[in-house]
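K.L.:
Just passing along the structure, written as structure tokens.
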Amino acid sequence: MKLLVTGGAGFIGSAVVRLAVERGYQVVNLDALTYAANLANVEPVADSPLYAFVQADIRDRGALDAAFAAHRPDIVLHLAAESHVDRSIDGPADFIDTNITGTFNMLEAARKYWQAAGRPDGFRFHHVSTDEVFGSLPADPAVQFTEATAYDPRSPYSASKAASDHLVRAWFETYGLPVVLSNCSNNYGPYHFPEKLIPVVILNALAGRPLPIYGDGSNIRDWLYVEDHADALLLVATKGAMGRSYNIGGENERTNLQLVRTICTILDRLRPRGSGAYADLITFVADRPGHDARYAINPSRIRDELGWRLSVTVEEGLERTVRWYLDNEAWWRPLLARQGVGQRLGKGAP
């Protein structure tokens with residue numbers, strides 16, 4: 001079976017690529033190699049005869065048609081997207097172009113290929129999305145996002161992903177394109193580009209810089225280890241019911257402040273400071289505009305219908321993540337020079 005993975009040089013996409021090759025799938029990694037992409041993320045499988053790389057932008061329809069014709073995939077896992085909320089506040093146009101127009105191009109290229117191939121029964125288009133399309137939840141732990149939750153996006157990023165979700169459903173209903181969808185909670189783990197909260201905290205702590213926390217740190221997120229997510233995505237792509245969506249969550253809710261303190265405690269043990277504790281570096285900064293209060297996913301559908309289970313708790317996953325960054329400075333050090341890394345983005349209008 002051959003998989004076409006868009007965005008396979010990114011954080012989640014590369015985890016899918018590595019796991020799929022490990023499991024014996026043929027994998028075509030299609031990536032534009034924009035600022036957050038890194039081919040070092042797939043170095044562990046880059047020499048495998050099961051792996052191929054195509055540098056192409058999902059905004060380039062001609063390049064997509066050529067990739068489908070040349071590689072003839074059985075399954076598409078569409079992960080390519082602009083994904084940083086703060087960047088979407090400062091520059092929404094890239095998010096509209098890539099996440100909406102790019103997904104339209106992917107759907108049309110897939111539909112053309114599928115129809116020309118005689119509409120094979122085994123073909124699937126798996127669109128990978130986010131829980132941020134659902135908006136914000138109250139503090140009540142009994143209230144969670146389900147697949148039936150109404151969409152209520154609050155940022156340019158989440159709005160663009162919501163639009164792409166709707167396009168995918170429309171191509172299923174209108175054209176019969178065999179699609180599955182998934183919406184995930186916040187991912188973390190190895191190879192995470194250093195602009196998101198967890199790698200920022202780890203790398204700032206190692207450098208002795210302030211550990212920035214938006215607002216008062218009370219915003220709650222449900223944390224999903226990226227390798228668990230990759231396992232779930234391959235399961236949905238191969239076993240999910242056509243036209244069905246699956247929420248993939250870590251069942252690990254933490255406030256941002258709790259999360260940062262946990263990372264600090266792990267670092268205190270593994271790489272002690274010369275004086276004081278890493279938590280001494282915590283600094284509260286002005287909140288992000290439109291910052292959602294809480295995300296939490298109910299993963300009962302993927303658990304009950306497809307048998308998926310988490311493999312690690314958030315404490316175990318954070319331990320693995322911190323150790324990975326300590327052991328892989330040669331991976332993250334060059335990334336610190338890339339555009340916007342280390343700068344506060346997404347402040348909104350002055």
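The values are calculated or read from the model by the stated rules, or taken from the named source; none is laboratory data. Computed from a predicted structure; not experimentally measured. Cβ atoms come from the backbone with ideal geometry, glycine included; neighbour counts cover every protein chain shown.
Every residue, every condition in (1) closer than 21 Å to Phe193 by Cβ; (2) outside any loop (DSSP other than H, G, I, E, B), yes or no:
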position	(1), (2)
Asn29	yes, yes
Thr34	yes, no
Asp65	no, yes
Ala80	yes, no
Asp86	yes, yes
Asp94	yes, yes
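K.L.:
While we're here: From the list Ala232, Ala279, which one is part of a helix (DSSP H, G or I) and surrounded by fewer than 22 Cβ atoms within 10 Å (Cβ to Cβ)?
P.N.:
Ala279 is the lone residue from the list that is part of a helix (DSSP H, G or I) and surrounded by fewer than 22 Cβ atoms within 10 Å (Cβ to Cβ).
K.L.:
Separate question: Could you check the stretch 261-318 and list, in sequence order, the residues that are among the small types (Gly, Ala, Ser) and within 14 Å of Leu211 (Cα to Cα)? Can you show your working first?
P.N.:
Restricting attention to the stretch 261-318, the residues satisfying the condition of being among the small types (Gly, Ala, Ser) are 274-277, 279, 286, 290, 293, 296, 300, 307, 311, 317.
Ala277, Ala279, Ala286, listed by residue number.
K.L.:
Output the number of the condition that Val200 fails; it satisfies all remaining conditions of (1) in contact with a helix residue (DSSP H, G or I) (Cβ under 9 Å, 6 or more places away or on another chain); (2) surrounded by fewer than 20 Cβ atoms within 10 Å (Cβ to Cβ); (3) among the hydrophobic types (A, V, I, L, M, F, W, C).
P.N.:
Here Val200 meets the rest and fails (1).
K.L.:
Could you please let me know if Leu4 is within 27 Å of Met242 (Cα to Cα), in contact with a Pro (Cβ under 8 Å, 6 or more places away or on another chain) and not in a loop (DSSP other than H, G, I, E, B)? Give the steps one after another, and end with the answer.
P.N.:
On the way: within 27 Å of Met242 (Cα to Cα): yes; in contact with a Pro (Cβ under 8 Å, 6 or more places away or on another chain): yes; not in a loop (DSSP other than H, G, I, E, B): yes.
Taking the combined requirement at face value, the residue satisfies it.
K.L.:
Can you find a residue that is over 27 Å from Ala40 (Cα atoms) and either in contact with a Gly (Cβ under 7 Å, 6 or more places away or on another chain) or surrounded by fewer than 21 Cβ atoms within 10 Å (Cβ to Cβ) (or both) anywhere in the stretch 183-191?
P.N.:
no
K.L.:
Can you name the condition, by its number, that Pro194 falls short on among (1) more than 16 Å from the chain's Cα centre (by Cα); (2) modelled with pLDDT under 95?
P.N.:
The failed condition is (1).
K.L.:
So, in the stretch 187-208, exactly how many residues are of a type in the set (S, T, N, Q) and over 21 Å from Ala237 (Cβ atoms)?
P.N.:
Number satisfying all stated conditions: 1.
K.L.:
Restricting attention to the stretch 13-34, and to residues there that are hydrophobic (A, V, I, L, M, F, W, C), crowded, with 24+ Cβ neighbours inside 10 Å and within 18 Å of the chain's Cα centre (by Cα), which single residue is nearest to Tyr188 (Cα to Cα)?
P.N.:
Ala15
K.L.:
Looking only at residues in the stretch 104-136 that are more than 26 Å from Thr146 (Cα to Cα) and of a type in the set (Asp, Glu), which one is modelled with the lowest pLDDT?
P.N.:
The extreme case among them is Asp121.
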